1. Output the Cα-based Rg and Dmax of region 45-180 in Å, rounding Rg to one decimal and Dmax to a whole number.
2. Lys and Arg at +1, Asp and Glu at -1: add these up for the other residues within a Cβ distance under 14 Å of V45 and post the number.
3. Which entries in the list K76/K134; K69/K111; K111/K144; K69/K150; K111/K158; K76/K155 go over 26 Å, if you measure between the two C-alpha atoms of each?
4. Please list, by residue number, everything in region 60-93 whose backbone N is under 19 Å from a paramagnetic label point 7 Å out along Cα→Cβ of K53.
5. May I ask for the net charge around H159, where only other residues with Cβ less than 13 Å from the Cβ of H159 are counted and Lys, Arg are +1 while Asp, Glu are -1?
6. Starting from 0.36 nm per residue, how many nanometres of slack lie between I63 and A90 once their C-alpha separation is accounted for?
7. Determine the sum of side-chain charges near N64: Lys and Arg each +1, Asp and Glu each -1, restricted to other residues whose C-beta is under 14 angstrom from that of N64.
8. Given H placed on each backbone N at 1.01 Å, which residues far from T135 in sequence or on other chains put an amide H within less than 5 Å of it?
Amino acid sequence: MRIATRFVSRSAASSMVVAAALALVGLQATGQTASAATKAAPSVVTCTTANTKLTVTEVSRPINHLLLKATNTGTKPCYAYTAPFLRAGADAQAPLPWAEETTPQAVVTLKPGQSAYAGITTSTPEGEGGAKEKTLGVFFTDRKGNAINKEKTLKLPKHGIFFNSAATVTYWQDNAQDALSW
């Protein structure tokens, strides 16, 4: 009886060792697959003044509009959250209001080299006051809509553009046509 017990014990122990070894190999393979997937999928960062190039241009139509373009110059995709905070002129006390009706259905994601666009209405006949401004300060936002990073100051075309109280900016759009259609 003793021999049979010893044989069963050795056999059971051998089976447990084999099962543990197979489980360990499977766990290592799963870990390697997860690591490979993690390395293959690039992480997405927030678009900032450090990883994008900003330009502002005047457009012929619609009148009294500018087009702000943000191009991802980084090596990772970036999210252009909500809308930019814009400061028209060095003495601006508050940012231009966002045109809420331009909220896109999803966050605009820029792969390296791709651009996002925001349309800027500079003035309307219904607006009050106003002045010709020579610079446009731009801040990106985080996912909660808070200003982040450093301000990027751009020179406005024609040595200045007239802004009045009706000035607004759209949310980031994935194409210039949508940004200017509001």
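Values in this text are rule-based calculations from the coordinates and carry no lab data. On a predicted model such as this, the values are computed, not experimentally measured, just so you know. Don't worry about glycine lacking a Cβ; one is built from the backbone with ideal geometry, like all the others, and counts go over all protein chains shown.
1. 13.9, 44
2. +2
3. K76/K134; K111/K158; K76/K155
4. Inside the label zone: 67-80.
5. +2
6. On the way: separation 27, 0.36 × 27 = 9.72 nm, distance 2.36 nm.
Here the answer is 7.4 nm.
7. With Lys, Arg at +1 and Asp, Glu at -1, the net is 0.
8. Long-range HN contacts for T135: G89, A90, L156.
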